[in-house]
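Before any comments, here is the structure.
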Amino acid sequence: FRNAWLAKRSEKDIGRYLTLVADSERTAFGPHGVDLSTTVTAAGRYRVSVQMVYGPAQGVIQLYDNDQPSGNEIDTYAPARRKGELTYLTTVNLAEGENVIRLKLVRKNPASSRLAFDLMQVVLERER
């Protein structure tokens with residue numbers, strides 16, 4: 001990473017999470033983000049939901065599918081840190097086998113003290 005860092009963390013009242021902190025909103029390649037590898041046993045359409053940590057230093061995230069924004073943005077800013085609920089982002093087509101889920105930090109909330117996100121989990125649900 002350049003101008004950003006990624007780490008695994010844990011807090012007593014929240015649990016374990018992955019944190020991404022950036023010192024600028026964009027790189028030469030677009031917003032900072034993280035690629036998460038996942039393996040599915042069957043090709044199909046999958047609902048993607050995330051559980052985030054909300055807080056005063058958090059920004060706005062979005063899933064990117066084939067390098068294009070997909071679905072809902074989630075503004076993870078809150079006045080106090082708290083564990084968020086599982087929140088639907090979008091539905092994507094995944095191939096059988098390994099796939100990449102890309103989450104990007106698209107912008108800073110004006111009230112936020114920095115540009116960051118804390119990801120607790122990603123849930124994939126195959127549509128029938």
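The values are calculated or read from the model by the stated rules, or taken from the named source; none is laboratory data. Worth saying up front: this structure is predicted, and the values here are computed from it rather than measured. Glycine gets a Cβ as well: all are built from the backbone with ideal geometry, and neighbour counts include every protein chain shown. With ligands, DNA and RNA removed, areas are computed over all heavy atoms of the protein, side chains included. Shrake-Rupley method; radii C 1.70, N 1.55, O 1.52, S 1.80 Å.
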Mean accessible area per residue over the chain (1.4 angstrom probe, all protein chains present, square angstrom) is 56
Carbon + sulfur, % of accessible area of the chain - ligands and nucleic acids excluded, 1.4 Å:
45
Can you give the relative contact order of the range 27-128 as a percent, counting alpha carbon pairs under 8 Å and 6+ residues apart?
44
Model label zone, D13; criterion: amide N under 20 Å from point 7 Å along Cα-to-beta-carbon; scope the range 99-120
112-114, 117-120
Take the Cα radius of gyration of the range 7-128 and divide it by 2.2 N^0.38 Å, with N its residue count; two decimals is plenty.
1.05
What does the accessible area of T41 come to, in Å² to the nearest 10, when a probe of 1.4 Å is used?
130
GNM, the chain, Cα, under 10 Å: largest mean-square fluctuation among A42, A57, A111?
A42
Which far-off residues, 5 or more places away or on another chain, put their amide H under 5 Å from the one on N109, with H placed in the peptide plane?
V60
